Amino acid sequence: MLPVSRPSIGIEELEEIKKVFDTGWLGLGSTVFEFENAIKEYLNAKNVIAVNTGTTALHIALDAFGINEGDEVIVPSLTYCACIQVITALKAHPVFCEINPNTLNLDVEDVKRRITPKTKAIMPVHYCGNACNMDTLLNIGKEHNVLIIEDAAHAFGSSYKGRKLGSFGDVTCFSFDPIKNITCGEGGAVVLADNTIAEEIRRKRILGIDKDTWHRYKNGRSWFYEVTTQGYRYHMSNINAAIGLVQLKKLNMFIEKKKNIVNRYNDSFKDLDGIKLLKWNLDETAPFTYIFRVLNGKRDEMIDFLKGKGVGTGIHYIANHIQPYFLKYAKPLPVTERIWNEILTLPLYYDMSESDVDSVIKSVTAFFKQYRSG
C-alpha cells in the first residue's frame, strides 16, 4: 500500500544524532541553536525559536502576544484541529471562517465580515504549501489592529511574491513533524521580527526561566535561575535539531521532486470529468500534500477503489466546526461543508518512484473509466 506521505531519512541523520549522543547533551543546547541559526539564514528572518511541535509553536505565539480569555481568533474551519485547540487552551474563542474552494486557503472577504471589537488575531493556514493572500491579510491586520499569526505547518520553504514565508509579517509558525517538508522527528519553530516578544517566547519554552541550563553551566552560579513568566516545557532537543540540520540541507531537493510529482498529477488529471484540481503557484510553493476535489458524491467510493489498487489516501481535514468539542463555536459554513466532503489527498513524498507515481495516476484514471462505464 502506497502511503499518503513518508519522511525521507537515512544514514546522514543517524550520523548527526550520533554526534549528539557523543556529547552526552541530549536536551536543549548548541545543536538547537545551530538549527535556529540555519533556519534564520535560510528564511532571512530576525528571530527563530525552535520548539518541540508545530502545535506548541502556535500556542506559545498566541500566549506571548497576549491572547487570552474572551479574545476572538479568526481561523478557517478546514484545518487540522491543532489550530483550534491552541485557541481554546487559552480560553479564547475560535471564529470559524470560510475558505476559497480553489486553494483551500481562507476567504479574506469572509474574514473581513467576521471581525469584531473582540478580534485579536487572524490565523491563516497556507494550505498544501500555497501561500495565502498575505498583502491583504497584513493590511487587514494594520487597519483593525489585529495580529496575523500564520500557520505555515504546510509551507516551510514556500514564498509569497518573492519573499520566504517567515521573512515578513507578524509571526509565522512552522512544523517539523515526521511528514512535513523537513522533519526533526518532532519539532516546530516560531519566527518573528519583534525582539521583545521573541525573548518572551524563549523564556516561555523553558518554563518561564530566564536562562536555559546550557547557559547556566557556563557561569559560576550554575544552580541559579529565575522564573519570570508563565512558561511551558516546549523546547526542542539537540537530538531533534540534529535531524533538522541534515533535512534542511536536503530541502531544495525535496521541493523539486515534489513539484515534479504535482505537475505530473495535474497534467494527468486536468481533463478527467468528476475532478476539480486546486489552483497551484508552483513557482513559489514547496508542496506539502496533493489534494483534489472529487465531485458528484464519489469521494468515499474513490477511497475504497484506490485502496483496492494499493494506493493510500487521506482527508485533510474534517471541518472543525462540526467536531463535537467545537460545536459551541459553530456557525453555518456552506462552502467549507461542501468542500470537506469532496477533498481527497493522494500520495506525495520525496521517495516516491516513477512507478509509484504511475500507479497512482493509472488507479485514479481507472476509477473514472469505471464510473463512466457504470
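How do the helices (runs of 4 or more DSSP H) wholly within region 40-152 filter down when requiring 3 or more residues that are buried (at least 22 other Cβ atoms within 10 Å of the Cβ): which remain?
Because the criterion is at least 3 residues that are buried (at least 22 other Cβ atoms within 10 Å of the Cβ), the helices (runs of 4 or more DSSP H) in region 40-152 that meet it are 54-64, 81-89.
Of the residues in region 264-281, how many are part of a loop (DSSP other than H, G, I, E, B) and open to solvent by 30 Å² or more (accessible area, probe 1.4 Å)?
6
Within region 36-78, can you find the residues that are aromatic (Phe, Trp, Tyr) and touching a strand residue (DSSP E or B) at 6+ places or on another chain (Cβ under 6 Å)?
Listed by number, the list holds a single entry, 65.
How many residues does region 2-39 hold that are in contact (Cβ under 8 Å) with a residue 60 or more places away in the chain, among the β-branched types (Val, Ile, Thr) and open to solvent by 80 Å² or more (accessible area, probe 1.4 Å)?
2
Quick check on residue 301: is it under 30 Å from residue 11 (Cα atoms), part of a helix (DSSP H, G or I) and among the acidic types (Asp, Glu)?
No.
Of all residues in region 355-374, which are of a type in the set (Lys, Arg) and at pLDDT below 95?
Selection gives 369, 372.
Would region 323-337 turn up any residue that is over 25 Å from residue 110 (Cα atoms), at pLDDT 95 or above, buried (at least 17 other Cβ atoms within 10 Å of the Cβ) and aromatic (Phe, Trp, Tyr)?
No.
For residue 163, all conditions in the list (1) of a type outside the set (S, T, N, Q); (2) open to solvent by 40 Å² or more (accessible area, probe 1.4 Å); (3) touching a Leu at 6+ places or on another chain (Cβ under 6 Å) hold save one; what is the number of the exception?
(3)
Pairs under 8 Å by beta carbon, first residue without any contact (Cβ under 8 Å) to a residue 40 or more places away in the chain in region 55-76, partner open to solvent by less than 10 Å² (accessible area, probe 1.4 Å), six or more apart or different chains?
68/92; 69/92
Output the residues belonging to region 56-75 that are touching a Ser or Thr at 6+ places or on another chain (Cβ under 8 Å) and under 14 Å from residue 152 (Cβ atoms).
Within region 56-75, 57 is the sole residue that qualifies.
Here are some conditions: (1) open to solvent by 30 Å² or more (accessible area, probe 1.4 Å); (2) under 21 Å from residue 281 (Cα atoms). Residue 186 meets all but one. Which one does it not meet?
(2)
This table checks each residue for (1) at pLDDT below 95; (2) touching a His at 6+ places or on another chain (Cβ under 6 Å).
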position: 154; (1), (2): no, yes
position: 174; (1), (2): no, no
position: 191; (1), (2): no, no
position: 201; (1), (2): no, no
position: 217; (1), (2): yes, no
position: 223; (1), (2): yes, no
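Hey, does region 88-104 have a residue that's free of Cβ contacts under 8 Å to residues at least 12 places away in the same chain, over 28 Å from residue 231 (Cα atoms) and out of contact with any strand residue (DSSP E or B) (no Cβ under 6 Å at 6 or more places or on another chain)?
The answer is yes, given that some residue of region 88-104 is free of Cβ contacts under 8 Å to residues at least 12 places away in the same chain, over 28 Å from residue 231 (Cα atoms) and out of contact with any strand residue (DSSP E or B) (no Cβ under 6 Å at 6 or more places or on another chain).
Looking only at region 42-77, filter to residues that are within 13 Å of the chain's Cα centre (by Cα) and hydrophobic (A, V, I, L, M, F, W, C); which one of those is nearest to residue 252 (Cα to Cα)?
57
Just give me the residues in region 283-317 being free of Cβ contacts under 8 Å to residues at least 60 places away in the same chain, of a type in the set (A, V, I, L, M, F, W, C) and open to solvent by 30 Å² or more (accessible area, probe 1.4 Å), in sequence order.
295, 303, 315
The values are calculated or read from the model by the stated rules, or taken from the named source; none is laboratory data. This is a predicted model, so every value here is computed, not measured. Here the Cβ is made from the backbone with ideal geometry for all residues, glycine too, and neighbour counts use every protein chain on show. Protein only, heavy atoms only, side chains kept; ligands, DNA and RNA dropped before computing areas. Shrake-Rupley method; radii C 1.70, N 1.55, O 1.52, S 1.80 Å.
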